[in-house]
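A.B. asks: For reference, the structure I am asking about is given below.
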Amino acid sequence: MDPTFDARSLIERISEDEKAHALKINTEVRKSLAEFLRNEGFLEIPPVIISTITDPLFHSTGGAEIEYAGAKFRLTKSMIFHKQLAILAHDKIFSFSPNIRLEPPEMADTGAHLLEFTQLDLEMAYEPRNSVIELAEDMICHVISHVKKNCQEQLDRFGRDLNVPDKPFERITYKEAHDEYGGIYEEVLSQKKKEPFWIIDYPITGREFYDREKPDDPGFLDDMDMIYPEGYGEALSGGSREYRRDRIEKRILRQGLDLDDYHVYLELAEEGLSPSSGFGLGIERLVRYICGLSDLEAITLFPKTPGSVSI
Ligand code: ASP
Ligand code: MG
């Protein structure tokens, strides 16, 4: 147990006005996201918390495992594989999915990472990347106008004057961004821009194996991140997906991962996955952006900050 744990100060922290206002905004954000997606014909699937397979992620993020019945269950880092399966039965699905990502302690300083957060994960069968890009733009505009209508008092308390962004959002290729700003392109562009925008076509060497390689531009992926303006950074990651077994196998090997860890997924791909596109959007980061605050801790009732022990 954390030796600095203090029951009174925990109760004071969860009772802060700032957290109450953020929680009201969080409630309206989740409500308007679900409403929007239901109106678009999506079905909500309950989240998967433990599974024998989860997203390997191409970051410094550690995973957590539970031994049970002689097997290893992994705590969900993202529901990507389950989304690819779910769309075999239902064309449009979403989930409010708790994700566990054991971030290294130095990530505490970013204000943008928690060990436990909620991802709005969605996927559309047979749709190209462009469909989910347009859907995401409509969704963000819907949520911001809903919050402006329903949480003006809270926005005023945060001194936040937020506009509904203009569509379509600007699209910048990774190549353009990287050529101009080098490795810190995301931070620089996020600081410079006044409205959310897209970075598209990431290189195959820097992302997970499940995003599809562009047929007309080998080495680059048919994927995207939405980035918030004003320095708020990444909103969502997604793309169109690889679904062909032989390609998936090559991509797993290319990433230096062990095929044995993915044998279930490879067998499913052999049986027949479908083309699809989708994304995962961090709910807490969206709320942080809407509130105009710099740290996820401020808007989360029970924050799990990297490097810290907490209830
Ligand atoms: N790869 C995303 C993530 O980082 C999710 C997605 O692509 O759907 O969780
Ligand atoms: Mg991402």
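The values are calculated or read from the model by the stated rules, or taken from the named source; none is laboratory data. Computed from a predicted structure; not experimentally measured. In this analysis, Cβ positions are derived from the backbone assuming ideal geometry, glycine residues included, and neighbour counts consider all displayed protein chains.
A.B. asks: Filter the stretch 206-219 down to the residues that are more than 16 Å from ligand 1 (Cβ to nearest atom) and of a type outside the set (D, E, K, R) and list them by number.
C.D. replies: 215, 218, 219
A.B. asks: Where the second residue is not small (Gly, Ala, Ser) and the first is at positive phi and lies in the stretch 179-208, which pairs have Cβ atoms under 6 Å and are six or more apart or on separate chains?
C.D. replies: These pairs meet every condition: 201/173; 201/174; 201/220.
A.B. asks: If I filter the stretch 250-262 for residues that are on the phi > 0 side of the Ramachandran plot and out of contact with any Leu (no Cβ under 9 Å at 6 or more places or on another chain), do I get at least one hit?
C.D. replies: Taking every residue of the stretch 250-262 in turn, at least one turns out to be on the phi > 0 side of the Ramachandran plot and out of contact with any Leu (no Cβ under 9 Å at 6 or more places or on another chain).
A.B. asks: For residues that are touching a helix residue (DSSP H, G or I) at 6+ places or on another chain (Cβ under 7 Å) and part of a helix (DSSP H, G or I), scanning just the stretch 290-311, find the one that is nearest to residue 104 (Cα to Cα).
C.D. replies: Selected residue: 296.
A.B. asks: Out of the residues in the stretch 45-72 that are away from ligand 1 (no atom under 16 Å from the Cβ) and among the acidic types (Asp, Glu), state the one that is farthest from residue 154 (Cα to Cα).
C.D. replies: Filtering the stretch 45-72 for residues that are away from ligand 1 (no atom under 16 Å from the Cβ) and among the acidic types (Asp, Glu), the one farthest from residue 154 (Cα to Cα) comes out as 67.
A.B. asks: Does residue 9 count as free of Cβ contacts under 8 Å to residues at least 60 places away in the same chain, away from ligand 2 (no atom under 16 Å from the Cβ) and in contact with a His (Cβ under 9 Å, 6 or more places away or on another chain)?
C.D. replies: Here the answer is no, as residue 9 does not meet what is asked.
A.B. asks: Hey, can you tell me all the residues within the stretch 223-260 that are in contact (Cβ under 8 Å) with a residue 40 or more places away in the chain and away from ligand 1 (no atom under 12 Å from the Cβ)?
C.D. replies: Correct list: 227, 228, 230, 231, 232, 233, 243, 251, 252, 254, 255, 257.
A.B. asks: Here is a further query. Please indicate, with yes or no, whether at least one residue in the stretch 3-17 is of a type in the set (D, E, K, R) and under 17 Å from residue 119 (Cβ atoms).
C.D. replies: For the stretch 3-17, residues of a type in the set (D, E, K, R) and under 17 Å from residue 119 (Cβ atoms): absent.
A.B. asks: What number of residues within the stretch 1-49 are within 19 Å of the chain's Cα centre (by Cα) and at positive phi?
C.D. replies: Final tally of qualifying residues: 0.
A.B. asks: Any residue that is within 15 Å of ligand 1 (Cβ to nearest atom), farther than 27 Å from residue 142 by Cβ and crowded, with 20+ Cβ neighbours inside 10 Å - is there at least one of those in the stretch 290-304?
C.D. replies: No, the stretch 290-304 has no match at all.
A.B. asks: Residues of the stretch 19-44 being within 16 Å of ligand 1 (Cβ to nearest atom) and closer than 24 Å to residue 296 by Cα, which ones?
C.D. replies: 33
Per-residue answers, yes or no, for (1) touching a helix residue (DSSP H, G or I) at 6+ places or on another chain (Cβ under 9 Å); (2) surrounded by fewer than 17 Cβ atoms within 10 Å (Cβ to Cβ); (3) modelled with pLDDT under 95; (4) over 17 Å from residue 241 (Cα atoms):
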site	(1), (2), (3), (4)
43	yes, yes, no, yes
46	no, yes, no, yes
77	no, no, no, yes
89	no, yes, no, no
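A.B. asks: Something else: If residue 94 satisfies every condition in (1) surrounded by fewer than 21 Cβ atoms within 10 Å (Cβ to Cβ); (2) more than 16 Å from ligand 2 (Cβ to nearest atom) but one, which is the exception?
C.D. replies: (1)
A.B. asks: Within the stretch 195-205, restricting attention to residues that are within 16 Å of ligand 1 (Cβ to nearest atom) and in a strand (DSSP E or B), which residue is surrounded by the fewest Cβ atoms within 10 Å (Cβ to Cβ)?
C.D. replies: Per the stated criteria, the residue is 203.
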